[in-house]
Each structure stands twice: as structure tokens, then as C-alpha cells.
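Computed from the coordinates by the stated procedures, all read-outs in this text should not be read as laboratory data. Here the structure is a predicted model, which is why all the values come from computation and not from measurement. Don't worry about glycine lacking a Cβ; one is built from the backbone with ideal geometry, like all the others, and counts go over all protein chains shown.
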Amino acid sequence: MIEIHPDQSFIPTLSENLNHPDKLAPWSGFKLAYQAAKFKTVPKFDGLLALDHLPHVDFMEHQVEAAETVVHQMNGRAILADEVGLGKTLEAGLILKEYMIRGRAKKVLILTPASLVNQWIQELNEKFYIQAASPRKKQASWEDWDVTVTSIDMAKRENHKESILDIEYDLIIIDEAHKLKNHQTKNYQFVQSLKKTYCLLLTATPIQNKLSDLFNLVSILKPGYLGNLTDFKKKYRENSQEKDNIQHIHSLVGHLMIRNRRKDTGLDSSKRKVVNERLSFTEEEMEMYKKLESLKAGHPSFTWLTLAKELCSSREACYMSLNQLKKNASEENAVVYDEYIEAIGQVPHHIKAKRMTELIEKTGEKFIVFTEYRATQFYLQWYLQQNGITSVPFSGKFNKSKRDWMKQLFKTKAQVMVATEAGGEGINLQFCHHMINYDLPWNPMRLEQRIGRIHRFGQEHDVKIYNFAIKDTIEDHIMKMLYEKIEMFKNAVGDLDHILEQIPGGSFDHQIQSILKQSDSQGEVDIKLQNLVSYVEHTVNERRESS
Amino acid sequence: MNAVNPYKTFVKQFFLSYGCSIIDDLPSHFTIQLTSEMDEEIMNRPFYWHYMKKMNREGDPMRLTFTDTDQKQAGGIYLHAGTPKLHTLYNTAIKKGRTARLYEVIHEFTAQNRAMSPWLIVNALLHYRGKQTKDEPISIGINLIHGTMMLGMMEKIQHMDFEPTVSDYTFPMTPVISLSNAYKRMERHIETYIAQQDNQWIKESLLHLKQETQLLESFYESEDIDLDSFTKEREQIDNRYKPYIEMEVINGGMFYISQETSATWIH
């Protein structure tokens with residue numbers, strides 16, 4: 001009743017070799033072959049054989065469990081959604097290794113942001129003894145390579161696309177899969193059309209903006225599993241308040257997704273200390289800040305908010321925007337800005353830059369400094385240099401080799417890395433355990449991603465984080481209104497990102513953006529932000545009561 | 001220390017069988033001097049050997065040190081289940097030991113020349129494939145004169161001596177049953193063997209196959225997915241769950257064994 005695939009090639013080979021005695025093995029060789037095959041045998045259905053094969057890697061309990069669940073219960077199609085820094089890559093590697101040992105994965109494709117390609121190849125080689133190849137500009141032999149690591153952008157190029165789509169991959173791993181949340185993009189459609197038996201999607205933020213993000217990820221693994229998108233949206237938009245529906249979807253997704261949280265894994269051997277530093281503007285700086293307020297009148301509130309926030313970061317950032325405003329204005333209006341541009345030139349060095357230098361000099365340790373603005377990044381590098389402190393820049397826009405190089409320089413030579421937001425993803429900097437958030441993003445969860453770069457699996461020291469904000473400015477406001485409250489809720493429930501992901505009508509990030517854009521006055525911004533925060537508070541309390 | 005590292009014995013035997021020598025043998029590690037042939041086979045440096053041959057030079061085969069501890073300072077290749085070099089050796093061993101014709105070594109002299117019966121011995125792996133996977137090694141022998149079938153064959157003959165040439169005062173008998181007929185009988189035996197097994201794994205695989213297929217079909221009927229992705233998904237569900245067994249022969253050969261020896265197996 002069960003199919004048995006016979007081995008038809010053996011007897012012809014044997015008959016042939018019996019006529020050519022030089023092709024025959026001696027008794028010892030014959031026994032060795034049998035012994036070798038027995039060593040290679042997979043003796044049982046259950047368990048992870050990969051663990052015996054990798055005695056040099058210390059896997060954590062939650063990683064081993066995740067791999068077992070994916071291989072033996074989820075049957076090889078899953079979303080690995082551990083929080084940042086819990087070792088999703090190790091989990092994926094372990095699953096890959098297990099499938100290779102069990103003879104189920106030979107052709108493997110790993111799609112990852114370009115900046116992570118080298119890191120993947122290195123980890124697969126060192127930790128998993130898996131040789132992986134990556135295409136260079138001209139060379140790519142997709143058919144010949146068993147394990148290939150590349151970026152989606154490279155894979156979907158005209159000259160590669162067809163060969164890749166022809167291959168029946170046994171396993172496909174997609175790193176940073178939240179980038180595939182939009183089903184209308186070319187990337188999404190490309191991934192959707194790949195041939196795959198098993199598939200792993202890796203992301204720390206399975207729901208970035210809205211529930212439909214998750215829908216699209218699930219559709220890559222099991223098309224149709226959550227119905228079709230239109231019905232799905234209708235159902236969950238109309239009834240987004242109804243618990244049953246949400247619970248229903250959670251239980252469905254539970255069969256496909258593994259999400260470990262930091263607090264569940266006992267990974268708090270290294271602690272994080274967050275210090276909110278409130279600094280005061282110098283008189284000249286404050287004067288400039290007040291001066292900007294006069295712009296509120298003739299402009300949308302968003303413009304003032306942007307400028308004010310920029311001034312809290314650096315003169316340079318604010319200057320760039322003013323200049324841009326001037327360029328975009330008609331000739332007669334352009335004159336208005338000259339006054340401000342002139343004034344900003346008179347402002348002395350930024351108070352935050354001084355404080356930053358103080359901190360760095362005092363400890364003598366390595367620091368990573370995050371800023372939202374490129375102009376600030378340049379300014380800080382210059383300022384550090386003036387003070388005899390070595391630094392390297394970092395940005396997500398750097399190409400692969402430049403990123404690797406900057407990371408290497410930071411590790412071996414420079415004391416400080418000055419990074420822009422775009423650099424937040426995909427580099428591991430465990431060797432550093434001091435961070436300054438030089439200016440504050442609107443969304444507190446972004447901070448979490450930044451911290452995850454250094455407070456992650458493998459960090460042996462306590463991590464110290466300084467959040468800078470200027471008193472009596474918009475930054476102070478953000479800190480009081482958003483950061484401190486949210487931090488308080490977080491202490492109460494722990495899994496705040498979960499709640500922030502599930503606000504009806506869009507994520508926290510999304511909400512803040514629309515509040516900023518759609519409000520006419522700062523008063524309106526405040527009220528709306530307060531409402532948003534109380535909604536979060538409400539959900540937090542509800543969650544606490546129900547648990 | 002704990003039990004003897006099983007890989008250590010294998011590695012030593014492997015290199016000794018193929019003409020390499022052990023030049024250093026300590027409790028914690030041992031060093032092998034490779035022959036040129038073995039270096040070419042397992043060290044993965046084709047350019048070096050290509051160059052040496054072109055220059056008509058001998059080349060300098062490498063030495064390999066193995067250890068059964070993972071202490072870094074000891075140096076050497078740490079032998080454990082996943083050691084990459086060990087897996088290279090497995091593959092080389094299987095490649096080199098695929099077929100054989102061997103005669104049992106008979107020392108004692110008898111008045112009459114002794115007849116040696118031909119046996120076909122086949123070692124195979126049964127790969128169980130379905131929702132989950134495992135392998136089972138199987139070793140079968142068939143006497144090509146009267147068709148007696150023996151299981152666990154390798155375990156029976158493991159400690160006997162065999163040579164590629166026939167011993168003095170013995171003669172090999174001509175097979176009555178052809179190799180391909182004997183092999184077919186082995187396949188039939190395997191079928192029966194599998195049918196008699198506990199087939200829980202097959203049931204589970206089929207259950208999953210059915211569930212996933214039904215789910216997919218319902219999506220297709222309610223037009224949540226188009227025909228294209230339906231067809232593709234359907235195939236992939238088969239890949240993941242459809243239970244089957246793949247028989248892969250590791251090696252096999254003609255073995256000439258005296259009736260005195262085979263008689264002891266019957267009991």
C-alpha cells in the first residue's frame with residue numbers, strides 16, 4: 001500500500017564492475033563503506049540530530065524548542081518572530097541543518113538584505129559547517145549551488161530571475177521578512193512565485209503597521225489560509241473591537257508562528273539601564289528656538305514641529321530644512337527665511353554635543369550614537385574629531401562592503417560610531433555596550449530596535465543607554481508624553497510591542513504620523529497624542545485584568 | 001574518559017586501508033600521513049595537484065591530525081558526529097567500497113577441494129519519507145545456488161576474513177540464480193517487511209496530507225486562490241507529506257562462502 005522507490009542502478013553497476021576487478025573493493029573497504037553509511041543514518045523520526053553535529057555551538061533552550069516545533073509540528077513552514085536579539089538566525093540555521101541531515105534539504109535559497117549576506121555565509125560556515133555561495137556581479141550558477149545566499153534585489157534581476165524561478169527549492173529562508181508586507185510590490189510577487197517545499201520567514205516585527213501585514217506573510221506560507229485579503233480586511237476592520245475575531249486569527253496564526261520574548265527566555269543576564277538626560281539650551285539656543293515659533297503662523301503645524309525637532313538635534317539639521325523651505329518658496333516669500341537662516345548661523349555649539357563628549361571622555365568606552373538626521377551625523381563626526389575622539393559613520397545607505405568595513409573599523413579602531421536611523425537594521429554590535437540616543441524618534445518602539453543592536457544574544461555586559469532631550473522644548477514634550485508613560489506601561493505588562501502593533505486603524509507609528517500631519521495646532525497634537533496614549537493604557541489594563 | 005570515540009576507530013581504519021600511515025598515535029590525538037592519491041581525493045586542492053602534475057613533480061601530501069577532545073589548545077580536527085572532514089571520509093568510503101567480489105579465507109586443508117557457494121550480499125538504507133523522516137540500514141544475503149535468504153548479513157560475516165582471490169584447495173561454484181533475479185527477491189522481501197511494520201507514521205502523514213489538501217481545496221472553491229497557486233501548492237503539499245520509502249543501495253557484492261560457515265547461521 002505504500003510506495004517503495006527501488007534502486008535500479010545497483011545491479012547493472014555490480015555486473016559491470018565484476019568484469020573489471022580493479023573497480024572492486026577489498027574487504028576492509030567494503031566494511032568501511034557499510035560503517036560509514038551506518039554513521040550517516042538518521043535513526044529516528046523525532047528529535048534534533050543537528051545538536052549532535054554541532055557540539056561547539058551553545059544553543060539556548062528557546063532556540064532548540066523553536067527548531068523542534070518547526071521541524072516536527074509545523075512541518076517546515078513557519079514564521080520565526082522572536083524579539084530582536086534572541087537569535088532567529090541560529091534557529092533558522094538549526095532547522096536548515098536538521099533538514100540537510102535528514103536528507104530533506106539539498107537546494108536551499110536564503111534571501112536577506114544585501115548588508116547581511118556576508119554575515120549569513122560566515123555564520124553558516126562557522127557555526128553550521130554549511131558552505132554557502134553568493135552571486136557576484138557576473139557569476140551566478142544558481143543551478144549548481146546547493147545553498148545560495150543573496151538579496152531579493154539581486155535575485156529578481158532580469159538575468160537571474162528566470163533561472164531561480166525554474167529551480168524547485170527544498171527550503172527557502174527569508175530574513176527581515178516584514179519588508180514583504182505589501183503584496184503589491186514586485187518583491188512580494190517574486191517571493192510568492194518561487195517554488196519551495198519548506199519555507200521560513202524571519203522577522204522581529206510580524207505586524208508592523210496593520211493586521212494585513214501578517215496576512216501577507218501567512219499567504220507566502222499557506223495561500224488562502226486566512227481567506228482572501230478583501231474579506232480579511234472587511235472582517236477585521238468592521239469588527240476589530242470584537243475579541244472573538246482577534247482571538248480566532250491568533251489561534252490560526254499560532255500554528256504557523258513562533259514568537260519568543262526576551263522576558264520568557266531568561267535572557268536578562270545582561271541588564272539594560274536607561275537614563276533620560278534632560279539638558280537645558282543655552283540662552284542663544286533658546287532664543288533661536290523661540291524665534292522659530294513665529295513660523296507657526298504661516299505654515300502647517302507639521303513644518304514647525306519638524307524644524308523645532310531638528311533644532312533640538314543640531315543647527316545643521318535645522319539649517320538644511322530652512323534652506324529647503326526657501327528653495328521651494330516663491331521668490332517674494334523666500335526672503336522670509338533669510339532672517340532665520342542668518343540667525344541660525346549665530347548659534348554656538350550644541351549643548352547635546354558637549355554633553356555627549358563629556359560622557360564619552362568620562363568612561364573611555366565604545367559608544368554608538370544614533371541620530372535621525374544626516375546633517376547631525378556629519379556635525380557630530382566633525383565635533384568629535386575636534387575633541388580628539390575617533391569615530392566612524394554608519395548608514396543603511398552604505399553598500400555591503402562599506403558596512404562591513406565600518407563595523408570592522410568601529411570594532412578595532414574607532415571609539416564611536418555615529419549612525420543614522422537607517423543603520424538600525426541588521427548589524428550586530430555586541431562588543432559595544434553604551435548607546436546615546438542623540439535625538440528621539442516619535443515612536444518609542446524604534447528605540448527598541450536600536451537598543452537591540454547591542455543588547456542582544458551574546459552581550460556579556462550590562463548595557464547603558466542615554467536618551468537626550470532638551471528641557472522646555474518639543475523633545476521634552478515627546479519624552480514626557482510618550483516615552484515615560486509608555487515605559488511605565490511596559491514595566492507593567494512587558495509585551496508592549498504586541499499592543500502597539502494591534503491598535504485598530506494602524507500601528508502606533510502610523511497613528512503618530514497621521515496625528516502630526518493632520519493637526520492644525522500643537523494643542524490638537526497634544527490632545528490626540530494623549531488620546532492615543534490613553535488607548536494604550538486602556539488596553540494594557542484590560543490585558544492585565546484578563547490575565 | 002568516557003566510552004571510546006567511535007569515529008576514531010573508523011578514521012584510523014579508513015586511512016590504514018587506503019595505504020596511509022599513522023605517524024603519531026597518542027591517547028588524545030593521532031596524526032596521519034596522507035598518500036598523494038588520498039590527498040587529491042579528500043583535501044580539495046585540485047589546483048595544487050593539477051600544477052604538480054603539469055610540472056611533473058611529486059607533490060607534497062599533507063598530514064592530518066585528529067583529536068577526540070574539543071580542547072582548542074590540543075589542535076587537530078575534533079571528531080564528533082558533525083565534523084565536516086569526517087563526512088568527506090564517509091562519502092569517500094562509500095564511493096570506494098561500492099562493489100566487491102570476495103572469497104572466504106580457508107586455512108585448513110581437507111582431502112577434497114572445498115566448494116564455495118556464491119552469495120549476493122546487498123547493504124541498503126531504507127529512507128522513510130513522509131511528514132517526518134528516518135533511515136533504516138538493512139543487510140541481506142541470498143545464496144545464489146539454492147536461494148536461501150539471510151538477514152543481518154553484515155553482522156554475520158563482519159569478523160570473518162575475505163580475500164579478493166580464492167584460497168588454495170577451494171573452488172567457487174557457478175551461480176544458478178542470476179543477480180537480477182536475486183535482487184528482485186530482495187525487493188519483494190523488503191515490501192513484505194515494510195507491510196508488517198507498525199505503520200503509524202504512514203497514517204499520520206496521510207492524515208496531514210488529507211487535511212492540508214482539503215483545506216487547500218476549500219480555498220480554491222471559495223476562490224481565495226487561483227488555479228496557478230492551487231496547482232503549485234498541491235504539489236508542494238505532496239512533497240511535504242506524501243509517505244513513501246526510498247531504497248538506496250550502499251554497497252553489495254559477490255561473496256563466496258563455504259557451506260560449513262553458512263551452516264552455522266541456520267541455528
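With the simple spin-label model, which puts each label point 7 Å out from Cα in the Cβ direction, the A:Lys354 to A:Lys400 separation comes to 4.6 nm.
With a cut-off of 8 Å between alpha carbons and a minimum separation of six or more residues, what is the relative contact order of chain B in percent? Please list the in-between numbers first.
Working: 369 pairs, mean separation 59.3, N = 267.
Here the relative contact order equals 22 percent.
For the range A:150-175, the residues whose backbone nitrogen is under 19 Å from a point 7 Å from the Cα of A:Gln131, taken along Cα to Cβ, are A:150.
Rounded to the nearest 0.05, the FRET efficiency derived from the C-beta distance between A:His183 and A:His461 at R0 = 45 Å is 0.60.
Applying 1/(1 + (r/R0)^6) with R0 = 60 Å to the Cβ-Cβ distance of B:Glu248 and A:Glu277 gives a FRET efficiency near 0.35. Across the range B:31-126, the convex hull enclosing all Cα atoms gives 223 Å³ per residue. Look at the alpha carbon pairs under 8 Å that are at least 6 residues apart: their mean separation over the length of the range B:6-96 gives a relative contact order of 26 percent.
For the protein assembly as shown, the alpha-carbon coordinates run over 122, 65, 50 Å along the three principal axes, in decreasing order. Between the range A:22-67 and the range A:347-424, how far is it from one alpha carbon centroid to the other, in angstrom? Their Cα centres are 48 Å away from one another.
Averaged across B:131-144, how many Cβ atoms of other chains sit within 10 Å of each residue's Cβ atom? Walk me through the numbers on the way to the answer.
Working: counts 5, 9, 10, 9, 9, 3, 6, 0, 2, 0, 0, 0, 0, 0.
Average neighbour count from other chains, rounded to a whole number: 4.
Between the range A:140-157 and the range B:80-128, what is the separation of their alpha carbon centroids in Å? Measuring centre to centre over Cα atoms gives 41 Å. Among B:221-229, A:190-198, A:7-15, sorting by the average number of other beta carbon atoms lying within 10 angstrom of each residue, highest first, gives A:190-198, A:7-15, B:221-229.
How would you rank A:429-436, B:153-160, highest first, on the average number of other Cβ atoms within 10 Å across their residues?
Values: A:429-436: 20.4, B:153-160: 15.4.
The packing order, highest mean first, is A:429-436, B:153-160.
Applying 0.36 nm per residue to the separation of A:Asn323 and A:Met1 and subtracting their alpha-carbon distance, the gain on full extension is 108.1 nm.
The ratio of the alpha-carbon radius of gyration of the range B:128-267 to the globular-protein estimate 2.2 N^0.38 Å is 1.61. Placing R0 at 51 angstrom, the Cβ-Cβ distance between B:Val105 and B:Met55 gives a FRET efficiency of 0.70 after rounding to 0.05. Kindly list the residues of the range A:54-94 that lie in the label zone of B:Ser28, defined by a backbone N under 20 Å from the point 7 Å along the Cα-to-C-beta vector. What the label zone holds, given the 20 Å backbone N cut-off, is A:55-56. Kirkwood analysis of the range A:50-264, using all unique Cα-Cα pairs, places the hydrodynamic radius at 17.8 Å.
Which log10 I(q)/I(0) values, to two decimals, does chain B give at q = 0.07, 0.13 Å⁻¹ under the Debye formula with one point per Cα? Values returned for q = 0.07, 0.13 Å⁻¹ are -0.44, -1.07. Checked against a 31 Å cut-off, the cross-linked pairs A:Lys366/A:Lys402; A:Lys156/A:Lys327; A:Lys402/A:Lys471 give Cα-Cα distances beyond that limit for A:Lys156/A:Lys327; A:Lys402/A:Lys471.
Fully extending the segment from A:Glu361 to A:Lys517, taken as 0.36 nm per residue of separation minus the present Cα-Cα distance, adds 52.2 nm.
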